[in-house]
Structure formats: structure tokens, C-alpha cells
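The structure under discussion appears below in the form of C-alpha cells.
The values are calculated or read from the model by the stated rules, or taken from the named source; none is laboratory data. None of the values given here were measured: they were computed from a predicted structure. Cβ coordinates were reconstructed from backbone atoms using ideal geometry, including for glycine residues, and neighbour counts include every protein chain displayed.
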Amino acid sequence: MKLCIIGTGYVGLVTGSCFADMGNDVICVDKDKAKIDELKKGKLGIYEPGLSDLVSRNFARGRLTFTMDLEEGVKNSLICFIAVGTPENEDGSADLKHVLDVAGAIGRVMDGYRIIVDKSTVPVGTADLVAQAIKKETNDEFDVVSNPEFLKEGAAVDDFMKPERIIIGTNDVRVAEIMKELYAPFTRTGNPMYIMDVKSAELTKYASNAFLATKISFMNEIANLCDRLGANVEHVRRGMGSDSRIGPKFLFPGVGFGGSCFPKDLSAIIKTSEEAGSPLKIAKSVMEVNRIQREVFIKKITSHFGGKVKDMTIAVWGLSFKPQTDDIREAPSITIAERLLDGGAKLRVFDPAAMTTFKAHFGKKVYFAKDAYDAVDGADAMVLVTEWNEFRNPDFPRIQQLMKNPVIFDGRNQYNRDEIERIGFTYYCIGRPGDVRE
């Protein structure tokens with residue numbers, strides 16, 4: 001098929017390259033000239049495992065092209081995907097300016113029937129607004145489809161190629177069949193494709209992320225309760241997760257969720273619910289628990305130092321909001337670093353992928369280490385924030401020798417307490433016996 005992907009950010013680039021890999025002719029459009037020029041050179045500007053090879057291969061074979069010319073993309077495609085950003089407004093709602101600007105621009109250059117697909121995460125009712133924006137510019141026929149993405153950063157290519165489910169929101173049987181044909185190569189293993197009305201499709205994405213975020217915040221509260229009561233959250237987690245009605249995923253306590261999806265999508269669905277007169281009280285609590293969880297962890301650190309971290313040298317392992325990405329949007333590392341710096345601490349930080357993005361935020365306020373061991377050199381404590389694989393089994397005797405004071409704050413419950421303490425470390429984690437109970 002002939003496809004146009006408008007927006008070459010995270011979602012657009014993954015979507016376009018994966019469709020191209022299945023033999024479709026894909027034109028990726030972006031108004032950012034520098035980004036388009038870099039993409040033509042094979043430089044993505046984002047870190048995502050497997051994506052660079054996918055883009056390079058399909059670009060070389062001519063199935064994937066990049067342009068600033070929206071008219072070229074629209075006129076040479078049957079299906080146009082809108083994959084631009086929907087940032088959060090000050091009131092928590094999703095900013096649809098870019099989506100509606102693109103919709104209007106599509107309408108101005110259309111020369112016949114088109115299927116317009118909302119791939120961006122958008123609130124209920126956006127498809128209607130997109131249709132209105134297009135109708136103002138053209139008399140040509142078109143249909144608007146909601147096709148939300150379910151891509152996990154760090155595993156986006158696999159998620160697209162082997163989706164757990166595909167959601168198609170349309171009220172037109174003919175359009176549904178075209179979308180089924182487009183996605184047929186990705187559903188050969190039997191994973192379901194759900195055809196539903198547009199508004200239900202729009203809400204499904206927000207509801208899914210809100211529920212996953214709820215599981216995370218709930219387990220963080222249980223972990224904090226374990227700290228108080230002397231229970232072990234790892235035992236509780238396994239006992240809960242073995243119940244098929246609950247399941248084991250997203251039950252790992254930590255320092256809270258971050259990233260470009262959960263915080264923004266929670267804010268948007270909360271705002272939508274309030275405007276509809278049916279406020280989501282649980283979702284609001286999830287946001288508050290997530291904020292508090294970072295404070296709980298920061299208090300563990302400051303309490304160890306008697307309430308003051310001034311002139312303490314603290315190493316931070318992991319800056320991205322999750323492993324396998326360089327994304328630091330809403331990352332717990334930012335809150336932790338800011339609070340420690342405000343308290344007068346000196347930070348030595350390391351991340352396998354997010355050093356550049358973190359440096360853009362903090363500049364010269366922190367020391368950017370060459371590797372994990374350089375980060376802990378002379379440190380009074382090490383704080384694990386992101387559970388990258390290379391942090392899972394480090395050389396602890398070497399770390400102990402490098403550190404001024406062998407103290408570890410494990411924000412992901414990654415290490416074995418007995419082993420760590422036997423070596424000589426003071427060890428803090430979340431919801432497991434032995435933690436300080438404030």
C-alpha cells in the first residue's frame with residue numbers, strides 16, 4: 001500500500017519503518033528540515049533498539065523516504081497517518097494544535113479520497129475535530145480512523161512487529177477491511193485485531209495506560225506499607241501475581257513511573273473525565289502516589305545522612321525513565337537529582353544511553369562519568385534509579401574500593417541484600433526487611 005506518515009518522532013518513525021519493512025511504500029513527512037536531513041543520512045536522533053537498522057535497510061531499498069513536502073506525501077498515498085505530538089497543556093488536557101494543523105493541511109492538498117488515521121494519542125472526540133478541520137479545506141471524501149499505538153520505549157519495534165492487539169476505530173465496513181489488509185502481516189500469529197467505534201478506540205489507549213499506572217502506584221504503596229510493618233514486598237508481589245485475575249506484570253515497586261506516556265495520558269484522561277462530569281478519582285490518586293513515591297525515596301537518602309546531603313558526593317546509576325531508551329521525560333532521575341543538588345550534594349551520574357539528553361537538562365551542574373565505575377569513584381553513596389542490564393551484576397568488591405562510603409540506595413530492588421551486606425555495604429531498598437522505617 002501507499003502510506004504517508006506525518007511526524008517523524010518516536011511513534012511516526014517506528015510506524016513508518018515497520019510498515020515499509022512489510023513491503024509498503026512509505027513517505028515520512030516532517031516540517032523540521034534538520035531532522036529530515038539527518039534521517040536521510042541514517043541519523044535518527046533517538047535511541048531505540050533495532051530501529052536504526054530497520055530505517056537504514058528500508059531507506060536503502062527505496063520503500064521508506066523522507067520529505068518536508070506534505071503535498072507529496074498526501075497525493076502519493078491512500079492512507080495518511082497523523083503521528084505528531086500531543087503535549088500536555090497547563091490544565092492537564094492534551095494539546096491538539098499540531099494534530100489539527102496537520103488535519104487542515106491534509107485537507108488543503110487532497111486530490112481525492114483518503115483515509116486519515118489518528119496514530120497520535122488523542123482524547124475522545126479528536127476524530128470529530130480532525131474531520132471538521134479537513135472539511136473546512138476540501139470537498140473530497142475521506143474517512144477518519146482511530147488507531148492508537150501501544151509501543152513500549154525500548155521494545156517498540158518488537159511491539160509493532162508482534163503486537164498483542166491492534167485497535168481500529170471506524171464506523172465504515174470498507175475502511176475496516178482496508179485497515180485489516182494493511183495490518184494482516186502483523187497478525188499472522190493470531191493476535192487479535194479489534195474493530196470498534198472511533199470513540200471507544202480513542203478511550204482504549206488512555207484507559208490502558210491509566211490502569212497500568214494504577215498497578216505501579218498500588219504496588220509502591222504496598223511496598224511502603226511493607227517498610228512500616230516489616231513485611232517483604234517481593235513475597236507479597238509473587239503471592240499476588242500468581243492470581244490469574246491479577247497477573248505478575250507491573251507489580252514491581254520502585255521510585256515511580258515516568259516517560260512520555262503514563263504521566264501525560266493520566267493527566268489527559270483525568271481532564272476529560274472532569275469535563276464529562278464523571279471524574280476519575282482513582283486516576284487522580286495514582287498521580288499523587290507517583291509524586292509522593294519519589295519523595296519517599298529521596299527521604300531514605302537524606303535520612304541516612306542525618307537529614308543533610310550538603311557536600312556529599314552521590315553517584316546516580318540510570319537517568320532514562322526506563323531501560324533501553326534515552327528518554328528522560330518525567331524521569332524519576334530528574335526529581336531525585338534536583339532535590340539532591342538543592343540540598344548541596346555533588347552528583348556523579350551515568351547512563352548507557354541518556355547522557356546527552358540529561359546533559360541538556362543539567363549542563364555543568366553534575367559530573368558526567370565515563371562509565372558506572374567512574375561514577376562511584378569517591379562517592380559517599382550510590383543511587384540506582386534505572387535498572388539497565390549492565391547494572392544488574394556489577395563488580396561489587398571493586399565498587400566498595402572505589403567508594404568513599406559503601407552505601408547503596410536501590411530504587412528498583414535489584415540487588416540481593418545478603419550478598420551486598422556481606423561484602424560490607426549499607427543497603428537500602430523499597431519494601432524489603434531491613435530498610436529504615438521513618
If I go through segment 60-108 residue by residue, how many of them are within 11 Å of Ile6 (Cβ to Cβ) and in contact with a His (Cβ under 9 Å, 6 or more places away or on another chain)? 2
Taking segment 376-393 and keeping only residues that are in contact with a Leu (Cβ under 9 Å, 6 or more places away or on another chain) and of a type in the set (A, V, I, L, M, F, W, C), one is left with Val376, Ala379, Val383, Val385, Phe391
Being under 22 Å from Asn24 (Cα atoms) and part of a helix (DSSP H, G or I) narrows Ile216, Ile178, Ile168, Ile222 down to just Ile178
Some residue of segment 134-151 being of a type in the set (A, V, I, L, M, F, W, C) and touching a Cys at 6+ places or on another chain (Cβ under 8 Å): no
Of the residues in segment 78-95, those that are part of a loop (DSSP other than H, G, I, E, B), over 19 Å from the mean Cα position of the chain (by Cα) and farther than 17 Å from Lys284 by Cα come to Leu78
So, first residue closer than 23 Å to Ser273 by Cα and touching a residue at least 40 places away in the same chain (Cβ under 8 Å) in segment 123-137, second residue of a type in the set (Asp, Glu) and surrounded by 16 or more Cβ atoms within 10 Å (Cβ to Cβ), Cβ within less than 7 Å, six or more apart or across chains; the pairs are Pro123/Glu202; Val124/Glu202; Thr126/Asp118; Thr126/Glu202; Ala127/Asp118; Ala127/Glu202; Val130/Asp118
I'd like to verify a number: residues in segment 181-198 that are among the small types (Gly, Ala, Ser) and assigned to a helix (DSSP H, G or I), how many? 1
With the requirement that a residue be out of contact with any Gly (no Cβ under 6 Å at 6 or more places or on another chain) and among the hydroxyl-bearing types (Ser, Thr, Tyr), what does segment 341-395 give you? Thr356, Thr357, Tyr367, Tyr373
Filter pass, Val99 being assigned to a helix (DSSP H, G or I), crowded, with 18+ Cβ neighbours inside 10 Å and of a type in the set (Val, Ile, Thr): yes
Of the residues Gly258, Gly277, Gly254, which single one is closer than 30 Å to Lys199 by Cβ and either buried (at least 16 other Cβ atoms within 10 Å of the Cβ) or under 24 Å from the mean Cα position of the chain (by Cα) (or both)? Gly258
Scan segment 329-352 residue by residue and report those that are over 24 Å from Ile216 (Cα atoms) and part of a loop (DSSP other than H, G, I, E, B). Gly343, Gly344, Ala345, Pro352
So Ala201, is it closer than 19 Å to Leu78 by Cβ, at pLDDT 95 or above and assigned to a helix (DSSP H, G or I): no
Qualifying residues in segment 27-60 (those that are without any contact (Cβ under 8 Å) to a residue 40 or more places away in the chain and among the aliphatic types (A, V, I, L, M)) - the one surrounded by the most Cβ atoms within 10 Å (Cβ to Cβ): Leu39
Among the residues of segment 52-77, how many are of a type in the set (D, E, K, R) and either touching a Cys at 6+ places or on another chain (Cβ under 8 Å) or assigned to a helix (DSSP H, G or I) (or both)? 5
Residue in segment 314-328 that is in contact with a helix residue (DSSP H, G or I) (Cβ under 9 Å, 6 or more places away or on another chain) and part of a helix (DSSP H, G or I) present: no
Which listed residue, of Val175, Val144, Val122, is touching a helix residue (DSSP H, G or I) at 6+ places or on another chain (Cβ under 9 Å) and either modelled with pLDDT under 95 or more than 30 Å from Asp327 (Cβ to Cβ) (or both): Val122
In segment 329-348, which residues are closer than 17 Å to Tyr47 by Cβ and either surrounded by 24 or more Cβ atoms within 10 Å (Cβ to Cβ) or hydroxyl-bearing (Ser, Thr, Tyr) (or both)? Ala331, Ser333
Across segment 152-168, what is the number of residues that are touching an Asp or Glu at 6+ places or on another chain (Cβ under 6 Å) and not basic (Lys, Arg)? 2
